[in-house]
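So the structure is just underneath, and the comments pick up after that.
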Amino acid sequence: MPDSPSIAVCIPTYNQAQYLIHSVRSACNQTYPNVEVWVSDDGSTDETPQVMEQLCQQFSQVHYYRQPKNLGIAGNNTWLMSQPKTDFIVRLDSDDVIFPNYVEKLVALLQKYPKAGYAHTAIQEIDEYGNTRSTCRVTRNHEFQDADDALMAAVSGYRVAANIVMFSAKALQELRYYENRPEFVEDYDLSVRIADAGYGNVYSDEILACYRVWTDVKKTRSKRKHLQLKGYVRIFTESFLPAFQRRGWDTKVLDKQRRKMAVLHSAYCFLPIFNKEERAELVNLLKQLGDSSLLRLRLFALSFGLAPFFEWQLHTELKLKGIVKDWLSKLKARSTLNTVS
């Protein structure tokens, strides 16, 4: 690895012109020298081409490509992240931004831990207007997490504060990026496959990026629930299960988590945005993910119109978990400061 590894920030985009300009500028204005910025437009129908024309004139390091047809999230990302010939690659969604020292800090971490397949950080949530919301951190005691620990930790979910990640290009090439992988939970799946391949990951508790949480007025993300559930089924059957079997690990923990996830996602499937046929497909996918007596009981209750209650319960639990995690992070930071003093 050279003393000054080469870096590319890859920004996939689709109809997010209003946010894309901030994302690209944040990638171009890094303290680390000679950062390449690659943008792949997956057939946007908004002002993305016009925005990118201006940005390409302003920043010479920007490479812009407009796909002739829509490839989807996994396809667009696979094409995009295979273009740079750099040592490290940052995946940055087009509605998020990175701080000026993001690349500099994470390059140092990946050089410090050569067995890491990717690096990630604490993030600041912002809304659609750029206003600050909450801080998100990963609760763990060490910067570096080895491959087996990362694989086991991933069973409970994608263990990053947000999907703003710097990857080892070598790891991505070895795993063929997102080629033929699930569409919509491709990031989670990649983290599992990276751990299975023997790569750990490294985390900085410093806030180095902003993750945008915006109001989904058209319920576009909710309507893609079937893609998410199909993705989860594939992750557990195609990524987790073979990885556990290769290590001789007990796979009962996977079955337990699948049942838990099926119950967790059941309320969303009964939202009024879905018609009868769509709901039937979602229920079938839930059972594929993790059938259980508890799931069937929950589905029975939801059929009587209790979806809003269960959705409220889930959001409340997640909010409380976030408050507790934030409090613990502040307590940890205060303890560290007192120790240094």
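Database remark: amide H of residue 209 closer than 5 angstrom to the amide H of 99, 124 (H placed geometrically; neighbours at sequence offset of 5 or more, or on other chains; Pro and chain starts carry no H). Rounded to the nearest 20 debye, the dipole magnitude of segment 1-66 is 100 debye, with +1 charges on Lys and Arg beta carbons, -1 on Asp and Glu beta carbons, and the Cα centre as origin.
Going by how many other Cβ atoms sit within 10 Å of their own, how do 277, 179 line up, fewest first?
The order, fewest Cβ neighbours first, is 277, 179.
Taking the Cα centre of segment 31-101 as the origin and placing charges on Cβ (Lys, Arg +1; Asp, Glu -1), which of 59, 89, 49 is farthest toward the positive end of the dipole? Value: 89. Pairs over the 21 Å Cα-Cα cut-off, from the set 225/287; 69/230; 225/260; 115/260: 69/230; 115/260.
Structural size metrics of segment 220-315, computed from C-alpha coordinates, are Rg and Dmax of 14.1, 44 Å. Which one of 156, 169, 11 is farthest out on the positive end of the charge dipole of segment 7-212, using unit charges on Cβ (Lys, Arg +1; Asp, Glu -1) and the Cα centre as origin? About the Cα centre, the residue reaching furthest to the positive side is 169. With θ taken as phi - 60° and the Karplus curve 6.51 cos²θ - 1.76 cosθ + 1.60 applied, the whole-hertz 3J(HN,Hα) list for segment 63-71 is 10, 10, 9, 9, 5, x, 9, 5, 9 Hz, x standing for glycine and proline. Among the DSSP helices (H) of the chain, those spanning at least 20 angstrom by Cα along their long axis with an average Kyte-Doolittle hydropathy of -0.5 or more are 307-340; this is a geometric and hydropathy rule only. Amide H contacts for residue 116 (H built 1.01 Å from N in the peptide plane; partners 5 or more residues away or on another chain; cut-off under 5 Å): 200. Based on C-alpha pairs under 8 angstrom that are at least 6 apart in sequence, the chain has a relative contact order of 16 percent. Think of the chain as having a plus end and a minus end, set by charges on the Cβ of Lys, Arg, Asp and Glu; of 184, 302, 37, 302 sits farthest toward the positive end of this dipole.
Only one of [x] 19.0, 59; [y] 21.7, 70; [z] 20.5, 62 was calculated from the structure for Rg and Dmax of the Cα atoms in Å, and its label is [z]. Computed over segment 129-249, the alpha-carbon pair-distance distribution with 5 angstrom bins reads 2, 9, 18, 20, 20, 16, 10, 4, 1, 0, each value a whole percent. Of all DSSP beta bridges confined to the chain, the antiparallel ones make up roughly 35%. If only the Cβ of Lys and Arg carry +1 and only the Cβ of Asp and Glu carry -1, the dipole of the chain around its Cα centre is close to 1180 debye. Once backbone amide H atoms are built at 1.01 Å from N, residue 63 has 37, 38, 39 as its partners under 5 Å, excluding neighbours fewer than 5 places away on the same chain.
Every number in this text was worked out from the coordinates using simple rules, so none of it is lab data. All values derive from a computational prediction rather than experimental measurement. Neighbour counts are summed over all protein chains in view; Cβ atoms, including those assigned to glycine, are modelled from backbone coordinates with ideal geometry.
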